[in-house]
1. Filter segment 114-167 down to the residues that are touching a Phe, Trp or Tyr at 6+ places or on another chain (Cβ under 8 Å) and β-branched (Val, Ile, Thr) and list them by number.
2. How about segment 176-187: which of its residues are surrounded by fewer than 20 Cβ atoms within 10 Å (Cβ to Cβ) and of a type outside the set (Val, Ile, Thr)?
3. Just to be sure before I move on: is LEU80 among the aliphatic types (A, V, I, L, M), under 30 Å from LEU188 (Cβ atoms) and over 18 Å from the mean Cα position of the chain (by Cα) in the structure I sent?
4. Which residue pairs have Cβ atoms closer than 7 Å, lie 6 or more positions apart in sequence or on different chains, and pair a first residue in segment 176-196 that is free of Cβ contacts under 8 Å to residues at least 40 places away in the same chain with a second residue that is among the charged types (D, E, K, R)?
5. Can you confirm whether ALA67 is more than 19 Å from SER211 (Cβ to Cβ) and loosely packed, with under 14 Cβ neighbours inside 10 Å?
6. Which residue is farthest from TRP159 (Cα to Cα), if the candidates are limited to segment 72-97 and must be in contact (Cβ under 8 Å) with a residue 12 or more places away in the chain and among the basic types (Lys, Arg)?
7. Against the definition (modelled with pLDDT of 90 or more and either over 30 Å from GLY172 (Cβ atoms) or touching a strand residue (DSSP E or B) at 6+ places or on another chain (Cβ under 6 Å) (or both)), how does LEU73 come out, yes or no?
8. Out of the residues in segment 124-143 that are surrounded by 14 or more Cβ atoms within 10 Å (Cβ to Cβ) and closer than 14 Å to VAL191 by Cα, which is farthest from the chain's Cα centre (by Cα)?
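The values are calculated or read from the model by the stated rules, or taken from the named source; none is laboratory data. What you are looking at is a predicted structure, and each value in this text was computed from that prediction instead of being measured. We place every Cβ from the backbone using ideal geometry, glycine too, and count neighbours over all the protein chains shown.
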Amino acid sequence: MNTEASLPAEPGRTLRIVLLGLAVLTLASALFALRRPLMMSAPVCAAGRWHGCFDTFNGVVLMTLVALPLAVLVAWGLALRRRAAGAERAWRMSLAEVGMVHGTVPFLWMTMMPGAAPGVAPRRVSLVPLGDLVTMGAGGIVGNLLVFASLGFFAPVRWAALSSVPRVLALGAACSVLVEIAQYALWLDRVSSVDDVLVNATGAALAALASRRWWRTTARTGSDRPRPAPAPAG
């Protein structure tokens, strides 16, 4: 038995276990810190009432966590379907697709929630870079970093064309610009700010750096294209 061949894989396996443990610990700590506001929204969401659940940040976060097992099941079903079709990297592609959606849609929902006087208060635009960062506060900055973090983390894993931090940065900026335009056009009583675009794009780029080791390195794989037909004999 060749034991030397399995030795290089041990550090990588240990690192994955450590990272997984840190992720679980971080999630558990966040849930512990948010347990009171989330539990305040639980009765309203359980009753199926829109007001107090889907129009509040706490309610959206709670429903995102509740829907997490369903997202895992969807990823599992997609992976099984791809594996049955002979696709490569079935699990990685499926998890990336579901992760992008599940991790981005709730934040988009929260950014499109109207303010106190939608359709009444004057539309507000801030085009001075770094002018709004002070008023955002730590919570606002962290929230803006997370808006497209899932997109930045999973997009280059799913598509080789996005396997570049500048490209993910541009993607995050473009998506953020669309959100700011939508907030202005729909008159939601929210500030359409260039700083939101800068922080959103930065969050996407940082998340892309975090997933760099899982980026696809080939332009097309067997999972993206049909397998070539065998050459005729003779």
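1. If the condition is that a residue be touching a Phe, Trp or Tyr at 6+ places or on another chain (Cβ under 8 Å) and β-branched (Val, Ile, Thr), then VAL125, VAL147, VAL157 are the ones that fit.
2. If the condition is that a residue be surrounded by fewer than 20 Cβ atoms within 10 Å (Cβ to Cβ) and of a type outside the set (Val, Ile, Thr), then LEU178, ALA182, TYR184, ALA185, LEU186, TRP187 are the ones that fit.
3. No; evaluated as a whole, the condition is false for this residue.
4. SER176/ASP196; GLU180/ASP196
5. Spelling it out, it is not the case that ALA67 is more than 19 Å from SER211 (Cβ to Cβ) and loosely packed, with under 14 Cβ neighbours inside 10 Å.
6. Looking at residues that are in contact (Cβ under 8 Å) with a residue 12 or more places away in the chain and among the basic types (Lys, Arg), I get ARG82.
7. Here the answer is no, as LEU73 does not meet what is asked.
8. From segment 124-143, those surrounded by 14 or more Cβ atoms within 10 Å (Cβ to Cβ) are 126, 132-133, 136, 140-141, 143; that's our starting set.
If we keep only those that are closer than 14 Å to VAL191 by Cα as well, we get 126, 132-133, 136, 140.
Numbers: SER126: 26, ASP132: 24, LEU133: 22, MET136: 21, GLY140: 17 Å.
The residue in question is SER126.
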